[in-house]
Amino acid sequence: MVDTLSTNAKGFDEHSIPSAVENTVPADYLKDHTPILVIMGVSGCGKTTMNTHLSEKLGWDMAEADDFHPQANIDKMAHGIPLNDEDRWPWLDKIHDWIQDHMDRKVPGTVTCSALKRAYRDRIRMPGVVFIHLSGDYDSIMERLSHRQGHFMKPRMLKSQFETLEPLGKDEIHMTIDVGLRMAPEIEAEEVIDTLGLQCDVKTHTTQVKAERARQAARKTEQD
Ligand SMILES: Nc1ncnc2c1ncn2[C@@H]1O[C@H](COP(=O)(O)OP(=O)(O)OP(=O)(O)O)[C@@H](O)[C@H]1O
Ligand SMILES: O=C(O)[C@H](O)[C@@H](O)[C@H](O)[C@H](O)CO
């Protein structure tokens, strides 16, 4: 496995300084396993956005939960009908297989999945999995959702998502990002990286820095 972890992982420690996040990931947990971060929470909490930022920063494999849904599930949600357990089990099995494949090959990754019920999380839980819960009250999430354009999942579905959501137990390996703190997306991603002590991919980072320098140079040329 690539050395994805630095030595300053902030494992669960009751004496640690309180921060913006709840963290039950034991120290050294991710040194002993291939890390797969499952970014979870109700519709519109920011899972896809977080996944994109983490992927840019870490350079890991990434997957989107919506890509594993059969068209029938997408159609159902687009018509405003919440999914039930029967709709979700085959979808969760596919996400499980993606995670298992990465574990078998020791390739770290990030994947979104609403993972609303504990039983759903049980279906995809395995050593190395850390749930990253983008958590907030109805109004905080609705504020995010109400700005989103063109997505099949409409804001009116949020109520049923909250009704289905079962909060993570202390015994579930996870960290929580509080949506109510209104952190910018890239800061939320940095909170995850910093809290779990992950290392940014140097090659990805260098490419991003070079791209940013090129953008700045182009802007300067335009201004001159
Ligand atoms: N940190 C943030 N601050 C403000 N807005 C955000 C933040 N993160 C995401 N958003 C916005 O919130 C909306 C929902 O985000 P996103 O689509 O990533 O959520 P999601 O959980 O993947 O939704 P779904 O489960 O329905 O696919 C988008 O308009 C996105 O730009
Ligand atoms: O469990 C569920 O109800 C679904 O997975 C939803 O969460 C959607 O997939 C997603 O929110 C839309 O992008």
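Any read-out appearing in this document is the output of simple, stated calculations on the displayed coordinates, not a laboratory observation. Quick caveat: nothing in here was measured; it's all calculated off a predicted structure. Note that each Cβ is placed from the backbone with ideal geometry, even for glycine, and that neighbours are counted across all protein chains shown.
I'd like the trypsin sites (Lys or Arg not before Pro) in segment 48-116 restricted to DSSP loop residues with at most 15 other Cβ atoms within 10 Å, sorted by number.
Here the sparse-neighbourhood loop sites are LYS106.
Starting from the Cα of ILE81, move 7 Å in the Cα-to-Cβ direction to define the label point; list residues of segment 142-157 whose amide nitrogen is under 16 Å from there.
Counting only backbone N, you get 153-154, 157.
Which three numbers, in whole Å and largest first, are the semi-axes of the equivalent ellipsoid of segment 21-223 derived from its Cα gyration tensor as √(5λ)? Please list the in-between numbers first.
Values: eigenvalues 154, 101, 57 Å².
Rounded to whole Å, the semi-axes are 28, 22, 17.
If the reach is capped at under 17 angstrom between alpha carbons, list the aspartates and glutamates near LYS170, excluding any in the same chain fewer than eight residues apart.
Excluding near neighbours in sequence, the set is ASP13, GLU14, GLU22, ASP122, ASP178.
Can you tell me the FRET efficiency between ALA72 and HIS96 if r is taken as the Cβ-Cβ distance and R0 is 25 Å, rounded to the nearest 0.05?
My answer for the efficiency is 0.80.
Compute the distance from the alpha-carbon center of segment 81-107 to that of segment 153-167, in whole Å.
20 Å
Using the structure shown, list the pairs from LYS47/LYS94; LYS57/LYS159; LYS47/LYS76 with a Cα-Cα distance above 27 Å, or answer none.
With Cα atoms farther than 27 Å apart: LYS57/LYS159.
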